[in-house]
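Heads up: the structure comes next, in structure tokens.
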Amino acid sequence: MKNAVIIDTFPDDIHAHSVAWSVSQNEDWECFHIYADNFPSKSMLSIAMTMDDLMLGYEGPEAKIDLTKFDQITYIPRRCKGPRISNTVHSDDMSASYSENISALSAFRYILTSLPNVISINNLASKRRADQKPLQLYLAKKAGLVIPNSLFSNNPNDIKKMLNISSDRLAYKTYTPCTWRQEYDSSVRIFMKYTNLISKSVLSSDQVLRDTSGIFQNYIEKHFEVRLVCMGSQFFGSKIDSQKNILSKVDWRNEQEKLAVESIKVPLGIQESMINLMTDIGIIFCTADFIVTPEGEWIFLEVNEQGQWLWQEEACSDLPILDAYTEFVKNPSTDFRYTTEKKIFSFEDYKRYQWNIDYQKSIKLGYEDNGSHITLEKFIDANQ
């Protein structure tokens, strides 16, 4: 009997590919991907049960999995997509087909995570809990972290009142990533909404403010910013020098590729508070973003329950994040500590030996993402 890691994601997730490569180097472990965005048009799943037995199976172009043959399964719901309904379904039946298939996917995921030999990174209920940004801040404060003054609202009076007491300067954020798709002659570009500074002078009508709720926070002067990778009780920190470029002062993602990034020691108090926060949310893995003020105070911004982290190892070769994550998925727990003296797997090695193979495999299988074929640029940049 073997052990397995099952990653629920999409085809151009380079994190999933790199983990599959590193985990599979151990003959006692296999790693499979489930691309639910291809269900049911390209893949099939089955749940069969009797009074004596239960069978779970998944079959698609990317994998054929018999979930009954493994001693231990680590399930990672990284990017839970799907379903995608086939165009062979009559247009009048699309809505019903979507509803039935989303229920089938949900049932499959929940039964999988209920099996006694399955450990999830993270479990589905906690994953949803972690996505609630107001709850994140409330629990972060409870855990001992410092948070910005924040307003979650579509009430024009409350928004203007906060502007008045914040020197007419607020950071505006969206609850979820918001993107816009624009088509050109031979290409498609995706634009994302990042954090912006707002003042009364840029506010639209009260009706516009009422139409869409937003997140408003007092703007905090920064010395630099920090991205943490948190797995169990192990922390890896990257210092992001966001204040030397005018375009990255408010949101470092605007100029990520141009910024200096280096590893940073995470204060013990921050580690302890993050462990408390993760325990309260119910997760064992996340990334977290902090502001560090000119006075050296760490200000918590948010956690991302399945945040990207390969870019940190690429920028800071002394951070053995892929190697640590490879060990973590084999023994996922709140107590996990990375103790290996010499790292075995690195993102640099993955790029050198495997990434082109994975990319060509994705192209050969004809996977699509958001309706457009995967490009080499998309595949490489998926680690950002």
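For this structure, a couple of remarks:
- Percent of Cα pairs exceeding the 20 Å cut-off, where the set is segment 62-162: 63 percent
- Backbone amide hydrogens, once placed in the peptide plane, bring residue 145 within less than 5 Å of nothing, excluding anything fewer than 5 places away on its chain.
- Whole-angstrom gap from segment 275-350 to segment 208-239, using each part's C-alpha centre: 15 Å
- For the chain, with +1 on Lys and Arg beta carbons and -1 on Asp and Glu, the positive-most of 266, 215, 110 along the dipole: 215
- Where only alpha carbons of segment 14-110 are counted, the Rg and the Dmax (Å): 15.1, 49
- Annotation: the antiparallel percentage among DSSP beta bridges lying fully within segment 7-130 is about 55.
- What the Cβ-Cβ distance of residue 341 and residue 295 gives, at R0 = 25 Å and to the nearest 0.05, is a FRET efficiency of 0.10.
- Computed on the chain, the Cα convex hull volume stands at 179 Å³ per residue.
- Rounded to whole numbers, the Karplus 3J(HN,Hα) couplings from phi for segment 298-314 are 8, 10, 6, 10, 5, 10, 10, 4, 9, x, 6, 9, 4, 5, 5, 5, 5 Hz, using 6.51 cos²θ - 1.76 cosθ + 1.60 with θ = phi - 60°, and x at Gly and Pro.
- Near residue 78, the amide H atoms lying under 5 Å from its own belong to 8; only residues 5 or more places off or on other chains count, and H is placed 1.01 Å from N.
- A Cβ-based charge dipole, computed about the Cα centre of the chain with Lys and Arg at +1 and Asp and Glu at -1, lands at about 900 debye.
- Above-threshold pairs, the threshold being 31 Å between Cα atoms, out of 133/239; 81/244; 127/244; 42/133; 133/351; 141/200: 81/244; 127/244; 42/133; 133/351
- Choice from 120, 205, 86 with maximal GNM fluctuation in the chain (Cα, 10 Å cutoff): 205
- In order along segment 211-220, the Karplus-derived 3J(HN,Hα) couplings, from 6.51 cos²θ - 1.76 cosθ + 1.60 at θ = phi - 60°, round to 5, 9, 5, x, 10, 10, 9, 4, 6, 10 Hz, and Gly and Pro are given as x.
- Remark: 352, 129 ranked as 352, 129, counting other beta-carbon atoms within 10 Å and listing the fewest first.
- Using C-alpha pairs under 8 Å with a sequence gap of at least 6, the mean separation divided by the residue count of the chain gives a relative contact order of 18 percent.
- Note on 203, 56, 268, 228: ascending count of other Cβ atoms within 10 Å places them as 268, 203, 56, 228, the fewest first.
- Cross-link reach is defined here as a Cα-Cα straight distance under 19 Å, omitting same-chain residues fewer than 8 places apart; for residue 173 the aspartates and glutamates meeting it are 131, 158, 206, 211, 221, 225, 251, 255, 289, 302, 305.
- Choice from 51, 274, 162 showing the highest fluctuation, given a GNM over the chain with Cα pairs closer than 10 Å: 51
- Rounded to the nearest Hz, the phi-derived 3J(HN,Hα) couplings of segment 349-362 under the Karplus curve 6.51 cos²θ - 1.76 cosθ + 1.60 (θ = phi - 60°) are 5, 4, 4, 6, 9, 10, 4, 5, 5, 5, 5, 5, 5, 5, where x marks glycine and proline.
Read the figures in this text as sums done on the coordinates, not as results from a lab. On a predicted model such as this, the values are computed, not experimentally measured, just so you know. Neighbour counts run over all protein chains shown; Cβ positions are idealised from the backbone, glycine included.
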